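Worksheet for the structure shown next.
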Amino acid sequence: KTHTVYTTVALYNGRKHETFTKTSRTKVTFSALSEKEIEWYTGTGEWHGAAGGYRIQSLASCFITKIEGTMSGVMGLPISELYDILKEQGYSIIE
């Protein structure tokens with residue numbers, strides 16, 4: 001099955017007194033899991049406290065067959081979108 005993860009990052013610019021946002025959209029496809037695989041994964045407890053019930057960067061990654069978008073957005077902080085906002089607001093991480 002494929003599902004879509006949306007994650008939004010916001011930056012408050014104190015000089016302009018404005019908030020700027022960007023949203024990451026990532027499609028994640030899992031392979032079909034057997035009952036034994038589901039029991040094993042749920043038994044690990046890794047899913048506790050994880051949005052969507054899995055952690056893309058850990059054990060669940062062995063069941064993921066396709067990612068369309070950015071992994072960082074699924075992990076919780078869409079780095080590319082954050083970098084875009086910073087550049088748009090005149091901040092530089094390379095200086």
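What follows draws every value from the coordinates through simple rules; no lab data is involved. Nothing here was measured: the structure is a model prediction, and the numbers come from that model. Don't worry about glycine lacking a Cβ; one is built from the backbone with ideal geometry, like all the others, and counts go over all protein chains shown.
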Of 34, 80, 72, the one that fluctuates the most in a GNM where the chain has Cα springs shorter than 10 Å
34
Summed residue charge, Cβ within 10 Å of residue 78's Cβ, Lys/Arg positive, Asp/Glu negative
0
Would you tally the net charge around residue 64, using a Cβ to Cβ cut-off of less than 13 Å, leaving residue 64 out, and scoring K and R as +1, D and E as -1?
+2
Compute the signed sum of charges (Lys and Arg +1, Asp and Glu -1) over the other residues within less than 11 Å, Cβ to Cβ, of residue 2.
+2
P(r) histogram, all alpha-carbon pairs of the chain included - 5 Å bins from 0, percent
2, 12, 20, 18, 14, 10, 9, 7, 4, 2, 1, 0
Relative contact order, percent, of the chain when contacts are C-alpha pairs under 8 Å separated by at least 6 residues?
34
Loop-only check: which trypsin sites (Lys or Arg not before Pro) in region 1-52 are DSSP coil with at most 14 other Cβ within 10 angstrom?
1, 15, 16
Report, in deg cm²/dmol and to the nearest 500, the calculated mean residue ellipticity at 222 nm for the chain, where each DSSP H run with n ≥ 4 adds -39500 (n - 2.57) and the sum is divided by the residue count.
-7000 deg cm²/dmol
Could you pull out the GluC sites (Glu not before Pro) across region 1-57 that fall in loop regions by DSSP (anything but H, G, I, E, B) with no more than 15 other Cβ atoms inside 10 Å?
46
Which one, 76, 45, 14, has the greatest fluctuation when you compute a Gaussian network model over the chain with C-alpha springs under 10 angstrom?
14
Check the straight Cα-Cα distances from residue 36 and name the lysines below 24 Å, setting aside those fewer than 8 residues away within the same chain.
1, 66
